[in-house]
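Enquirer: Take this structure first; my questions come after.
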Amino acid sequence: ISSLYNLASLELRENLLTYLPDSLTQLRRLEELDLGNNEIYNLPESIGALLHLKDLWLDGNQLSELPQEIGNLKNLLCLDVSENRLERLPEEISGLTSLTDLVISQNLLEMIPDGIGKYGK
């Protein structure tokens, strides 16, 4: 898949994936990545290299944390991490000021980063 340089959308929803191969992060033009309802336990730090990503669905996995590099995704409009095992969100998520949709329901969160409340115009 990493040789599909012009790929803009990739849907891998409802499979049995346990990890995201680093090679996927070579898809530099990717705008939509749907990894929902898999068995993914962690994301590689290289996810932060997908700078054109606008929509990222990670719902229904086994994630217990998100890498700090998720904060590099400044063009992200929608981030869905619902139905995981997240105990905390990285502070860097507060820097995703383009976000219009952040779905974090059904996790194990006891608090959210203070910076999330600083959204607004």
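Enquirer: For region 56-77, which positions are in contact with a strand residue (DSSP E or B) (Cβ under 9 Å, 6 or more places away or on another chain) and either closer than 9 Å to Leu96 by Cα or of a type in the set (Lys, Arg) (or both)?
Expert: Across region 56-77, the qualifying residues are Ile70, Leu73, Leu76, Leu77.
Enquirer: List pairs: first in region 50-74 and among the small types (Gly, Ala, Ser), second buried (at least 18 other Cβ atoms within 10 Å of the Cβ) and assigned to a loop (DSSP other than H, G, I, E, B), Cβ under 7 Å, 6+ apart or cross-chain?
Expert: Filtered contacts from region 50-74: Gly60/Gly36; Gly60/Asn37; Gly60/Glu83; Ser64/Leu86; Gly71/Leu96.
Enquirer: Still on this structure: Just checking, does region 83-97 include any residue being closer than 20 Å to Ile1 by Cβ, in contact (Cβ under 8 Å) with a residue 12 or more places away in the chain and among the β-branched types (Val, Ile, Thr)?
Expert: Of all residues in region 83-97, those closer than 20 Å to Ile1 by Cβ come to none.
No: zero hits.
Enquirer: In region 54-78, what count of residues is obtained for those that are in contact with a Phe, Trp or Tyr (Cβ under 8 Å, 6 or more places away or on another chain) and more than 14 Å from Gln106 (Cα to Cα)?
Expert: In the first step, residues of region 54-78 are kept if they are in contact with a Phe, Trp or Tyr (Cβ under 8 Å, 6 or more places away or on another chain); the result is 61-64, 78.
With more than 14 Å from Gln106 (Cα to Cα) added as a condition, the list becomes 78.
Total meeting the criteria: 1.
All of the numbers you see were taken from the coordinates with simple rules; none came from a lab. All values reported here derive from a predicted model rather than from experimental measurement. Virtual Cβ from ideal backbone geometry, glycine too; neighbours counted across all protein chains shown.
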